[in-house]
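Worksheet: the structure to be examined is printed underneath.
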Amino acid sequence: MTGGGSGDGDGTSNLIHRLAIEDPVPWYKKPNLRSMYLLLFPCVIGIEMTSGFDSQIINSAQLLPAWKEYFGHPSGAYSGILAAALPLGSVIGLPLIPLINDTFGRRWCIMFGSVVMIVGTFIQGFSTNGPMYIVARGIIGFGLPYAIVAGSCLIGELGYPKERPILTSLFNACYFIGAIIAAGTAFGTQQIQSDWSWRIPSLLQMAPSLLQVFFVMFLPESPRFLVSKDRLEEAERVLVKYHAEGNADSAFVKAEMVEIKTTLQIEMEHSKRSWLDLVRTSGMRRRLLIGSLLGLFTQLSGNVVISYFLGDVLKLIGYTDPAFQTKYNLGNQCWSLVCGVSAALVVMRFRRRTMYLTGILSILAVYIGWTTCTALFIDDQNQVAAKLSLFWIYAYSPTYNLCFNALTYTYLIEVFPYAQRARGISIFQFWGKAAQFFGIYVNPIGTQAIGWKYLLVYCCWIFVEALLIWFLWPETSGRSLEELAFLFEPEDYSRHTEKAVTDAVLHIDDEKMGATVEATDRV
C-alpha cells in the first residue's frame with residue numbers, strides 16, 4: 001500500500017504544515033523572514049528573467065531590420081537554429097547539475113551558472129557572424145539550467161511553509177519581467193540605424209546573472225542541504241533565524257529539524273544518489289514520468305509559437321507593420337506578467353489538480369478559437385476574425401499562467417524528494433529544453449509549409465496533454481515537503497516521520513511544563 005497514493009484528499013494531519021498555516025503573524029511583520037524574501041527576489045526568484053529576456057531577444061530581434069541584415073535575413077531552418085541554440089546548450093549542460101548542486105550547495109550552483117551566462121551574453125552581444133551568435137547562445141543555455149535547478153530548490157527549501165508555494169510560483173512569473181525589459185528595450189533601440197539596435201538588448205541579457213553573482217552569497221544555504229552534509233548546527237541556525245525570528249526555543253523549528261533529519265535519513269537509506277534511483281522503484285518511475293511530461297507540456301502547449309515567433313503569427317492574419325508588432329508584443333508581455341503574478345498569488349486557494357485541469361482545458365479552448373479565426377481570415381479575408389485572433393493571443397496568457405507558469409516549480413519541488421530533487425528538476429529541464437529546441441526549430445518550418453493548419457497540430461496535442469494530466473497528476477497541496485517525500489512510498493515511512501515530529505513537540509511541551517512547575521515550587 002502506498003502512503004501518498006494519488007493524494008487526492010483535501011486535509012492533512014502533518015503537524016509542521018498545520019502549525020505554519022495557523023501562524024497568525026504575516027511574513028512582512030517578521031524582520032528576518034522579510035529581509036530574506038526581499039533578497040530572494042534579485043538573486044534567486046529573478047533567475048527566470050533570463051529565460052523571458054531570451055524569448056524576446058529572438059522575438060524582437062526578428063523585427064529589427066539591422067538584425068535581419070546582419071545575419072542574412074534568416075528563415076526556415078537557419079532562423080530556427082539561431083533561436084534554438086540556447087535550449088540545445090541547456091540539454092548539453094544538464095547531466096552535471098545534480099553533482100554541483102548536491103556537492104557544493106545551491107548557492108554555488110547558482111553562482112556557476114550565472115558566471116557562464118555572463119560569458120555567453122558578452123560573446124552574443126559582440127558576435128561577428130551567425131556561427132558565433134549560435135555558439136554564444138549555446139553557452140548561455142549551458143549555464144541557465146544550473147541556476148534554475150539550484151534556484152528553484154533553494155526557494156522551496158528556504159521558504160517558510162506558509163509562503164513556500166507562492167514563492168516557487170513567483171519564480172516562473174519573473175520570466176515576464178525579463179520579457180518586458182527585452183521587448184521594451186528592443187522597441188526603443190529599433191530607432192538606432194546600426195547594429196547596436198540588436199547588440200544593446202543582447203548585452204543587457206546578462207543583467208539578471210549579474211544580480212545573482214552580486215547577491216546570492218548574502219542568502220543562507222538550504223537547511224536541507226546542510227543537514228544532508230551533517231552540518232546540523234548551521235541548519236538549525238538558519239531555521240531559528242528565519243522561521244522563528246531568532247527564538248532558539250521555538251517548538252516549530254525543533255519539529256522542523258526532527259522532520260528534516262528523519263526524512264533525509266530514510267531517503268538516504270533507500271537512495272544511492274545516482275541517476276538510476278529515478279527508475280529503481282515504481283514511485284520514482286512515476287515521478288520521472290510526471291517530470292518528463294511536465295517538461296514537454298511547458299514548451300509544447302503552443303507557448304513557443306507566441307514567445308518566439310509572434311511576428312510570423314501576426315503576418316498570418318495580416319498585421320505586417322513592425323511598429324505594430326513590437327507594440328503588440330510589448331503589451332502582451334505586460335499582460336502576461338499581470339496574469340503570472342495573479343496566478344502565483346492564488347496558488348494557495350486552489351488544489352493543484354484543479355488548477356492544472358482548468359488551465360489545460362482553457363488552453364485547448366483558446367487554441368481552437370485562435371485556429372478557427374486564423375483560418376477564417378486566410379480563407380475569406382474576414383477582418384473580424386483577424387481582430388479576434390489578436391484577442392485569442394492575449395487570452396492565451398491567463399490560461400497558460402494558471403497551470404504551467406504558476407505551478408511548474410511548486411509542483412516539481414513537491415513531487416520529488418530531497419535526495420532526487422535536483423535530478424528530477426534536471427530531467428524536467430532536459431525534456432523542457434529538448435521540447436523548446438524542437439518547437440523553436442520546427443515552428444518556422446511548419447508555419448512556412450502549411451500556414452494556419454500548423455495550429456491544428458497544437459490543438460490535438462493539447463487535448464492529449466489534458467488526458468495525461470487527468471490520469472497521472474497526483475494532488476500535492478496542503479502538505480509539507482517532508483510529508484510529500486513519501487507521496488508514492490509505503491505509509492510506514494510517513495508515519496515514522498510524523499511520529500518523530502509529534503514526539504519532539506510533546507517533549508518540548510513537557511520540558512516547558514516541567515520548568516513552569518519547578519519555578520512555581522520555588523516561589
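Checked against the criterion of being open to solvent by less than 20 Å² (accessible area, probe 1.4 Å), more than 25 Å from V227 (Cα to Cα) and either touching a Phe, Trp or Tyr at 6+ places or on another chain (Cβ under 8 Å) or not assigned by the TED database to the domain that holds L407 (or both), region 145-161 contains not a single residue that satisfies it.
Yes or no, residue by residue, for (1) outside any loop (DSSP other than H, G, I, E, B); (2) of a type in the set (G, A, S); (3) in contact with a Ser or Thr (Cβ under 8 Å, 6 or more places away or on another chain):
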| residue | (1), (2), (3) |
| --- | --- |
| L314 | yes, no, yes |
| Q325 | yes, no, no |
| Q333 | yes, no, no |
| S336 | yes, yes, yes |
| T354 | yes, no, no |
| T358 | yes, no, no |
| T371 | yes, no, no |
| A395 | yes, yes, no |
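Going residue by residue through region 60-77, is there one that turns out to be modelled with pLDDT of 80 or more, touching a Ser or Thr at 6+ places or on another chain (Cβ under 7 Å) and either open to solvent by 20 Å² or more (accessible area, probe 1.4 Å) or not in a helix (DSSP H, G or I) (or both)? There is at least one residue in region 60-77 that is modelled with pLDDT of 80 or more, touching a Ser or Thr at 6+ places or on another chain (Cβ under 7 Å) and either open to solvent by 20 Å² or more (accessible area, probe 1.4 Å) or not in a helix (DSSP H, G or I) (or both). For region 197-206, the set of residues classified as assigned to a helix (DSSP H, G or I), open to solvent by 10 Å² or more (accessible area, probe 1.4 Å) and in contact with a Phe, Trp or Tyr (Cβ under 8 Å, 6 or more places away or on another chain) consists of R199, L203, L204, listed by residue number.
Condition (residue is of a type in the set (V, I, T) and either in contact with a Pro (Cβ under 9 Å, 6 or more places away or on another chain) or within 15 Å of I462 (Cα to Cα) (or both)) applied to region 381-400: is it met by at least one residue? Yes, the conditions are met somewhere in region 381-400.
For region 68-93, which positions are more than 16 Å from S51 (Cα to Cα) and in contact (Cβ under 8 Å) with a residue 40 or more places away in the chain? So that I can check it myself, show each step before the final result.
Within region 68-93, the first condition is being more than 16 Å from S51 (Cα to Cα), and the residues that meet it are 68-81, 92.
If the condition is that a residue be more than 16 Å from S51 (Cα to Cα) and in contact (Cβ under 8 Å) with a residue 40 or more places away in the chain, then Y70, F71, G72, P74, S75, G76, A77, Y78, S79, G80, I81, I92 are the ones that fit.
Exactly one residue out of I413, I425, I445 is open to solvent by 10 Å² or more (accessible area, probe 1.4 Å) and in contact (Cβ under 8 Å) with a residue 40 or more places away in the chain, and it is I445. The residue of region 17-54 that is nearest to L154 (Cα to Cα), among those that are among the β-branched types (V, I, T) and not in a helix (DSSP H, G or I), is V44.
Quick check on region 305-314. Is at least one of its residues at pLDDT 90 or above, hydroxyl-bearing (S, T, Y) and under 25 Å from F463 (Cα atoms)?
Restricting attention to region 305-314, the residues satisfying the condition of being at pLDDT 90 or above are none.
No, region 305-314 has no match at all.
Within region 281-330, the residues that satisfy the criterion of being small (G, A, S) and either within 17 Å of L455 (Cα to Cα) or buried (at least 22 other Cβ atoms within 10 Å of the Cβ) (or both) are G291, G295, S301, G302, S307, G311, G318.
When I306 is tested against (1) more than 25 Å from the chain's Cα centre (by Cα); (2) closer than 28 Å to I181 by Cβ, only condition (1) is not met. Within region 159-189, the residues that satisfy the criterion of being of a type in the set (S, T, Y) and either within 30 Å of P322 (Cα to Cα) or not in a helix (DSSP H, G or I) (or both) are Y160, Y175, T185, T189. The conditions of being surrounded by 23 or more Cβ atoms within 10 Å (Cβ to Cβ) and not basic (K, R) are not met by T103.
Of all helices (runs of 4 or more DSSP H) completely enclosed by region 403-475, which ones contain at least 2 residues that are under 13 Å from the mean Cα position of the chain (by Cα)? Because the criterion is at least 2 residues that are under 13 Å from the mean Cα position of the chain (by Cα), the helices (runs of 4 or more DSSP H) in region 403-475 that meet it are 406-415, 418-450.
Within region 236-280, restricting attention to residues that are among the aliphatic types (A, V, I, L, M), outside any loop (DSSP other than H, G, I, E, B) and without any contact (Cβ under 8 Å) to a residue 12 or more places away in the chain, the residue that is least open to solvent (accessible area, probe 1.4 Å) is V279.
A Cβ distance below 6 Å, combined with a sequence gap of six or more or placement on separate chains, defines the contacts here; from region 329-354, residues that are more than 13 Å from S397 (Cα to Cα) and outside the structural domain of S60 (by the TED database) reach residues that are of a type in the set (S, T, N, Q) and crowded, with 17+ Cβ neighbours inside 10 Å in the pairs A344/S169; V347/S169; R351/S477; R352/T476; R352/S477. Checked against (1) out of contact with any Cys (no Cβ under 7 Å at 6 or more places or on another chain); (2) under 29 Å from G340 (Cα atoms); (3) at pLDDT below 80; (4) of a type in the set (A, V, I, L, M, F, W, C), L39 passes all but a single condition, namely (3).
The values are calculated or read from the model by the stated rules, or taken from the named source; none is laboratory data. Keep in mind that what you see is a predicted model, and the values were worked out from it rather than measured. Every residue, glycine as well, gets a Cβ built from its backbone with ideal geometry; the counts of neighbours run over all protein chains shown. Please note that ligands, DNA and RNA were not included when accessible areas were found on the heavy atoms of the full protein model with its side chains. Shrake-Rupley method; radii C 1.70, N 1.55, O 1.52, S 1.80 Å.
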